[in-house]
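Chemist: I have a structure I would like to understand better, so I am pasting it below and will then ask my questions one at a time.
The values are calculated or read from the model by the stated rules, or taken from the named source; none is laboratory data. Small disclaimer: the values here were computed from a predicted structure and weren't measured. Cβ placement follows ideal geometry from the backbone for every residue including glycine, while neighbour counts extend to all protein chains displayed. Side chains included, ligands, DNA and RNA excluded: accessible areas come from the protein's heavy atoms. Shrake-Rupley method; radii C 1.70, N 1.55, O 1.52, S 1.80 Å.
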Number of protein chains: 2
Amino acid sequence: MTKDRLIYLPLGGAGEIGMNAYVYGWGPEGAERLILVDLGVTFPDMETTPGVDLILPDVSWLAERADRLEAIFITHAHEDHVGALGHLWPQLRAPVYARSFTGAHAMMKLEDAGQSGDAVTIVRPRPETVDAGPFRVQFVPVSHSIPESAALIIDTPGGRILHTGDFKLDGSPVVGERFDAEEWHRIAHEGDGIHVLVCDSTNVFQPHPGRSEATLAEPIRDLVAAQEGMVVATTFASNVARLKTLAEAGVAAGRSVCLLGRAMRKMVTTAVETGVLTDFPALVSPEEAAGIPRQNLMLIVTGSQGERRAASAQLSRGKYLGLEMKEGDSFLFSSKTIPGNEAGVIRVMNAYSEMGVDVIDDRDGLYHVSGHANRPDLEAVHELMKPAMILPMHGEHRHLREHARLAQAKGIASEVATNGTMVRLSGRKPEIVEYIDTGRTYLDGSVLIGAMDGVVRDRIRMALNGHVLVTLIVDEEDEPLGEAWVEVMGLPPRGKHGAALDETIESDLAEFLETVPGKIMADDDKLDEALRRIVRQVTMEEIGKRPEVTVVVSRLMPG
Amino acid sequence: MTKDRLIYLPLGGAGEIGMNAYVYGWGPEGAERLILVDLGVTFPDMETTPGVDLILPDVSWLAERADRLEAIFITHAHEDHVGALGHLWPQLRAPVYARSFTGAHAMMKLEDAGQSGDAVTIVRPRPETVDAGPFRVQFVPVSHSIPESAALIIDTPGGRILHTGDFKLDGSPVVGERFDAEEWHRIAHEGDGIHVLVCDSTNVFQPHPGRSEATLAEPIRDLVAAQEGMVVATTFASNVARLKTLAEAGVAAGRSVCLLGRAMRKMVTTAVETGVLTDFPALVSPEEAAGIPRQNLMLIVTGSQGERRAASAQLSRGKYLGLEMKEGDSFLFSSKTIPGNEAGVIRVMNAYSEMGVDVIDDRDGLYHVSGHANRPDLEAVHELMKPAMILPMHGEHRHLREHARLAQAKGIASEVATNGTMVRLSGRKPEIVEYIDTGRTYLDGSVLIGAMDGVVRDRIRMALNGHVLVTLIVDEEDEPLGEAWVEVMGLPPRGKHGAALDETIESDLAEFLETVPGKIMADDDKLDEALRRIVRQVTMEEIGKRPEVTVVVSRLMPG
């Protein structure tokens, strides 16, 4: 009989920031009972994933072992932790556990994807426990930039794992539970203490201790009070504490507050319904807001990342839901720009500048704090939890590597384990035992496709090179019937001598077809290749590009 | 007879950072004699301009008035100031004036585009003058992040204009001329003083005075000296002063220095040949470098923006020109990341992290200084030059607006004039007199196309939606000959029920063709539209996307 072992296998989130999905297993090699922590998405971009709707982890390894999967735990309701649940649950079909606000989102994700929300069981924080095969799991409240984030205590026959989820150390988080150092101390000293700390690494390069959400109240209140026109502020829709801080600043300045953006209204509603949000100021609807003098109005809107369809961008283009920004109004980004989103944010800023709206961003760090533990906070947690080993997660490679070094510098065993790296945790230090083929799955329209299927590669090629379509009819004697017909898409209409590009290609193809040997005409592959080669030569000559070419040869059959 | 007037018309660079092109005119309305200052490019991106090679200003307004264009002046050799010269000069055909290093680049730009470099005349700095119609122009050395940047004194019958070009105030710029406050004071006090200051706005939001290039020498020297493995550093190829600082730090640490990247070697060669660079340390070739122990080697490489083909990215992927980075080596970004380039830079950083290479970036501001004047520097220049009016240039709208406010706060008349805004400068304050249709021209392969031509829009659509091709042969009686043939590109191969998408579309088209009324079969447009509609319906149903559709109907003619 094989010896039982404890394993860790990130399928997403390790080596990137996004699409978190972490597998733990206990049992004999190859027959471990498994649990999954989080099942999130990453967002596509035009550069690498044009036309893709969402990027999900490739869970095929886990799907092939779904009979061994005991449960799925969701730490918090951010898209990069729960966004893939609806799309991938049908392949996994395990019970889902989460706290109430998070669970409400998990249910919505399942239902939005046409699944039943019944798979979700709501769990209260520790001391409540969930038994899932050999695992006993407790939810530990942590502060983050969304209500009700949780770390997980995962007790296994191989020792206690503390999986932090996303967290920061915040003594006064405005909404939700404060960081409770005594409780964490108890967690670290129960039984044999922490065997493995699996820990958020996002902010490992931030040298200063993180600041509390509560520190923002005064600067934001002062800022809003000092404005004369309408005030519009944006933050992440899910940052309910920030929404509260912003709304209270509006009320304190004698302004009516209106939320714009579906995601934001939904988030507040869910937070109120699940009891995590209380005392949120009264709101006015957009219709009511349109009738309120602008100096008495504050809008809190979606679109902190400059997203084209979000309220911030809509307002930057003109009237939106009856509301319009004007010279003398001000716009506050109570947020940071995620790398890669700069162009969109700057576009919105310049559009406001053209309107005469003053834009205030977080240049000075007064109006935004991060939801992740900074380097000194991570060090404090290492010290407090005294784990035998640390596995850095939730970060790009550079974050994981730096975090592992931080641990090693204090004599704690650590290892950089990126997506697909199976690590045995049963020994005294982490040991890489296997590399699993993993990757990304795309939600494309309504269909899931593999990132390596070539679909998106073809789109990128058409975007870079344009697309030429050649059709040719060949008769029963393998002779061309008429000339080849050419359609071009995404290419300059005229070549270097000013002639129409499609006609130039057609005329070169016609010349070729006049003298083409019968052997080529009779062979589909050779004919296709010959036509394609001519198209590329002509376009290179005429416009300096080699387009994608699709050739359709229709052969008339003897009737 | 109409009264003479002085006009200013930015065709690029005002309302954006990039593709600078500023027109000045003097004369009767509609018959002004003209000069152009700078003719630069902007770089395309996958999001908005996939497949485009370069973005150039639309100079058609000026091309239509080329007979009135007296001269083109180039302030410095950055691509956003000289990069479009070769491509657009054939439309303008005016003499080009520049200082020697800049002029050498201008000639290369002309020659690379198949023009003669003879159009370029090399000018020495003030007091040398160039007479161009009613304009008398002098080049005033300024410091920037490339050697030999110049401001222009443009003396006109309507007063003196000082066009700053890109500049900073640097008392010890390492390479090139230091900022000479006395000289600027003289310029401001000759004759009637400065009528208009047309001024760089890029760094108007930077609150602290700019630092000198010379402040970097010590931190970089200390950093390089402290490394044990190979040291690799990157900066902009054109920042010759930085190259010198980096190379000297390498030599001081007893390392052989090697430049990697064609652009960088060319820049240094030109700088030496034109005399702007002296005492540059001896270099070793990549072949020699491969034989030098890594602890004795320093590479200075292209690719500070994470460009895929540059040396930094090549090295992050493995061996390049016989050189390879290893654990224990270090990589220095002596540069800032231009907004929009974050993803590429982070990709390189993580690739190095995987290799075990330590990456040092400019987080702490020790290893890079900007080439542009910061807010207090701009205020100092306003104060020193005492212009009657200020026109902010070289900035996005938000920069221009902030700069105009800065001027107005000191009682100086100012106006935000973005691309296409013609401003009369003859009065006591700037007066907008006309809006010119302007925009962008794309170099696409070897052809110039208009940004609004729809070519790039089609590419973006194919990238987002995929492309379906339908071909159908119709016989002499307007009956379909066989079935419609479908090719898909950039779409998921299978629909929701697992059937091949192309076959599903073909079968729905076949069904339609069985019952289609003859009236539709006989009408090309109606048939095309009907086929297209079915394709979109089927794909929406099967994969949740509406693709681009190209329909080719071939009609057999009675033979």
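Chemist: Of A:His497, A:Ala249, A:Ala522, which is farthest on the positive side of the dipole of chain A, counting Cα position, with +1 on Lys and Arg Cβ, -1 on Asp and Glu Cβ, and the Cα centre as origin?
Modeler: The listed residue farthest towards the positive side: A:Ala249.
Chemist: Please work out the FRET efficiency for the pair B:Lys410 and A:Val272, using the Cβ-Cβ distance as r and a Förster radius of 51 Å; give the result to the nearest 0.05. If you can, show how the numbers build up before the last one.
Modeler: Values: r = 51 Å, r/R0 = 0.99.
FRET efficiency, B:Lys410 to A:Val272: 0.50.
Chemist: Probe 1.4 Å, all protein chains in place: accessible area of B:Cys199 in Å², nearest 10?
Modeler: Only protein atoms counted, so the area is about 0 Å².
Chemist: Over all directions, what mean area does the Cα convex hull of the range A:213-360 project, stated in square nanometres? Numbers along the way, then the final one.
Modeler: On the way: hull surface 32.1 nm².
Approximately 8.0 nm², given one-decimal rounding.
Chemist: Between B:Glu128 and the same site in the other copies, what are the distances in nm, shortest first, taking label points 7 Å from Cα along the C-beta direction?
Modeler: 8.2
Chemist: Calculate the translational D of the range B:417-476 in whole µm² s⁻¹ from Stokes-Einstein, where the hydrodynamic radius comes from the Kirkwood formula applied to all Cα pairs, the temperature is 37 °C and the viscosity 0.692 mPa s.
Modeler: 205 µm²/s
Chemist: Return one number: the angle in degrees, 0 to 90 and rounded to the nearest 10, between the long axis of the Cα atoms of helix A:262-273 and the longest principal axis of the Cα atoms of chain A.
Modeler: 30 degrees
Chemist: Just to confirm the filter: which trypsin sites (Lys or Arg not before Pro) across the range A:18-101 are DSSP coil and have at most 15 other Cβ within 10 angstrom of their Cβ?
Modeler: In loop regions of the range A:18-101 (DSSP not H, G, I, E or B), the sparsely surrounded trypsin sites (Lys or Arg not before Pro) are A:Arg93.
Chemist: Under a 1.4 angstrom probe, counting protein chains only, how are A:Ser285, B:Ser238 ranked by accessible area, largest first?
Modeler: Sorted descending by solvent-accessible area, the residues read A:Ser285, B:Ser238.
Chemist: Please report Rg (one decimal) and Dmax (integer) in Å for the Cα set of the protein assembly as shown.
Modeler: Radius of gyration, then largest Cα-Cα span, for the protein assembly as shown: 32.4, 106 Å.
Chemist: What is the distance, in nm, between label points placed 7 Å from the Cα along the Cα-to-Cβ direction at A:Lys519 and at A:Glu182?
Modeler: 9.2 nm
Chemist: Can you pull out the GluC sites (Glu not before Pro) in the range B:1-74 that DSSP calls coil and that have at most 13 other Cβ atoms within 10 Å?
Modeler: Loop-located and lightly packed - B:Glu64.
Chemist: How high is the FRET efficiency between A:Glu383 and A:Ser60 when r is their beta carbon distance and R₀ equals 35 Å, given to the nearest 0.05?
Modeler: Working: r = 39 Å, r/R0 = 1.12.
Between A:Glu383 and A:Ser60 the formula returns 0.35.
Chemist: Please report, in debye to the nearest 20, how large the charge dipole of chain B is about its Cα centre when each Lys and Arg carries +1 at its beta carbon and each Asp and Glu carries -1 there. Display every interim value, and only then the final one.
Modeler: Numbers: 55 positive and 82 negative charges, 413 e Å.
Once rounded to the nearest 20, the dipole reads 1980 debye.
Chemist: Then there is this: Filter the GluC sites (Glu not before Pro) in the range B:407-487 to those in DSSP coil with at most 13 other Cβ atoms within 10 Å of their Cβ, and list the result.
Modeler: B:Glu476, B:Glu477
Chemist: First select every other residue whose beta carbon is under 9 angstrom from the beta carbon of B:His81; then total the charges, Lys and Arg +1, Asp and Glu -1.
Modeler: Local charge sum for B:His81: -4.
Chemist: Provide the three semi-axes, in whole Å and in decreasing order, of the ellipsoid equivalent to chain B as defined by the square roots of 5 times the Cα gyration tensor eigenvalues.
Modeler: 49, 36, 20
Chemist: Under a point-charge model restricted to the Cβ atoms of Lys and Arg (+1) and Asp and Glu (-1), what is the dipole moment magnitude of the range A:241-337 relative to its Cα centre, in debye to the nearest 20?
Modeler: 360 debye
Chemist: Next question. Please state the relative contact order of chain B as a whole percent: Cα pairs under 8 Å, 6+ residues apart? Display every interim value, and only then the final one.
Modeler: On the way: 1268 pairs, mean separation 79.9, N = 559.
RCO, chain B: 14 percent.
Chemist: Compare the Cα positions of A:Val231, A:Ser353, A:Thr337 along the charge dipole of the range A:213-360 (+1 at Cβ of Lys, Arg; -1 at Cβ of Asp, Glu; about the Cα centre) and return the one farthest towards the positive end.
Modeler: Positive-end residue among those listed: A:Thr337.
Chemist: Let me ask you something else. Just name one of B:Ala150, B:Pro207, B:Gly193: the one whose Cα is farthest towards the positive end of the charge dipole of the range B:144-210 (beta-carbon charges, Lys/Arg +1, Asp/Glu -1).
Modeler: Farthest along the dipole direction, towards plus: B:Pro207.
Chemist: Same structure again: Counting Lys and Arg as +1 and Asp and Glu as -1, each charge on the Cβ, what is the dipole of the protein assembly as shown about the Cα centre in debye, to the nearest 20?
Modeler: Using Cβ point charges on Lys, Arg, Asp and Glu, the protein assembly as shown gives about 3720 debye.
Chemist: Once you wrap a convex hull around the alpha carbon atoms of the range B:466-555, what is its projected area averaged over all directions, in nm²?
Modeler: 5.1 nm²
Chemist: Kindly give the distances from B:Ser116 to its copy-mates, label point to label point, with each label point 7 Å from Cα along Cα→Cβ, as nm values to one decimal ordered shortest first.
Modeler: Distances between equivalent label points, in nm: 8.5.
Chemist: In the range B:466-555, what % of DSSP beta bridges are antiparallel (nearest 5)?
Modeler: The answer is about 45 percent antiparallel.
Chemist: Hey, what's chain B come to in accessible area per residue, 1.4 Å probe, Å²?
Modeler: With all protein chains present, chain B gives 39 Å² per residue.
Chemist: For A:Arg555, place a label point 7 Å from Cα along the Cα-to-Cβ direction in every copy; what are the distances to the other copies, in nm, shortest first?
Modeler: Ordered by distance, the counterparts are at 2.8 nm.
Chemist: Ballpark to the nearest 100 Å², how much total accessible area do A and B bury together, probe 1.4 Å? Spell out each step's value before the answer.
Modeler: Working: alone 24610 and 24650 Å², together 44030 Å².
When A and B are taken together, about 5200 Å² of accessible area is lost.
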